[in-house]
Amino acid sequence: MGLNCGLVGLPSCGKTTIYNAVTAAGAESFGGSEVNCAVVKMPDPRIQPLVDMYKAPKVVPVTLEVVDIPGLKSGSTANEGRGTKLLGHVKEVDALLHVVRCFEDDNLPFEYDTIDPARDVETVDLELMVADSQTLANKIKRLSKKVKGNKELAGELADCEKVQAGLDNGVPARRQNLTDHELKSIYECHLVSRKPVLYIANIGSMDDIDNKHVKALQTIAKEEGASMLAVSGRDEAEISQLDPEDRQEFLDELGLKESSMERLLRTAYGMLGLVNFFTAGETEVHVWTCRKGDPAPVAAGRIHTDMETGFIRMEVIRYEDLIELGSEQAVVKAGKQRIEGRTYEVKDGDIIVVRFNASK
Ligand SMILES: Nc1nc2c(ncn2[C@@H]2O[C@H](COP(=O)(O)OP(=O)(O)OP(=O)(O)O)[C@@H](O)[C@H]2O)c(=O)[nH]1
Ligand SMILES: [Mg+2]
């Protein structure tokens, strides 16, 4: 489905460091004016047990594109050029990973002399809102010329003006509780302050997880119903460079089951409202993804369009049942395989077989 997340935040808050940790791409850190971009395989703890069970020689995981966007300075949109270009990259991503510096280190230059997550979040949000306000102003201008006598356009115009007034009052579009009609009216604007946000508190070390800056960021996230993760970007970037075996040992020492990066990717992915389902057999274990609530034919269409157009039924077994009972045959024998029709909504962890009429 080609989903992507963009790392945003003030300069030197640790975006590239975290990008390196997530992607192990070794991108250059500091003062970067370039956008880094990598495709990462989504970890899913259910893949390995399935591979073991089916003895499948091939695995096809879901991927997520991670984009590292250079720091947004306050006033950067107003300065045209660079800021506008950076915001252009933000426009193209599905979700934002907003990195906020929550560690103190006098030796590392930062945008400000102090550490203050509330100020930093506000600064970045302001840049996003200024950009959105410009986008809306253009649309409002266009609509105003055509609106006379057209009720539908008048409604669209009123929606745009309302959202813009919200932005002018300092409320990002994602916090404006927009109605379906309003969302439709602004849809084509791809407003950046409307994108879902996962806050990332960048801390010096995991011992620092309760520091006052992290708590401040947690409060901000909670207020807007968003999630926050605290990670030590620098430690994680080092962990990502280790061999898989050493990495596990290191994580065990820290008492962690998985690296924070795996957690980060899974949380970001969950935020996009996606579910993972599987096809599994002796040739491969394949992870697929669809939006929560997608009916069976739409989910099947992710695998092949013929499966959507010629959809007959879906045979579904649950991952948990398969692991508990040890084989597909055992699940069928226990009466736990389900036959589902067109209205079934595919669930996270379904292992499916699609029956369909192939097009001629
Ligand atoms: N002490 C400490 N330093 C960190 C941590 N994360 C990043 N740094 C350092 O902070 C500096 C800036 O980090 P970058 O990752 O380049 O920051 P950035 O947000 O990508 O910066 P721009 O791309 O310029 O906006 C580097 O020297 C990092 O090594 C951390 O968790 N602890
Ligand atoms: Mg950078």
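Of note:
- Principal axis dimensions, the range 293-356 - Cα atoms, whole angstrom, descending: 33, 20, 18
- Helix content alone sets the calculated 222 nm mean residue ellipticity of the chain: runs of n ≥ 4 DSSP H residues at -39500 (n - 2.57) each, divided across all residues, give -12500 deg cm²/dmol.
- Projected label distance in nm at Asp52 and Ile140, using a 7 Å step from Cα toward the beta-carbon: 6.0 nm
- The label point for Glu188 and the one for Glu284, both projected 7 Å from the Cα toward the Cβ, are 3.8 nm apart.
- Residue pairs, from the table Lys151/Lys184; Lys139/Lys184; Lys91/Lys195; Lys55/Lys336; Lys91/Lys184; Lys73/Lys162, whose Cα atoms sit over 20 Å apart: Lys55/Lys336; Lys73/Lys162
Taken together, the values in this text are just the output of simple stated rules run on the coordinates, not laboratory data. Keep in mind it's a predicted model, so treat the numbers as computed, not measured. Virtual Cβ from ideal backbone geometry, glycine too; neighbours counted across all protein chains shown.
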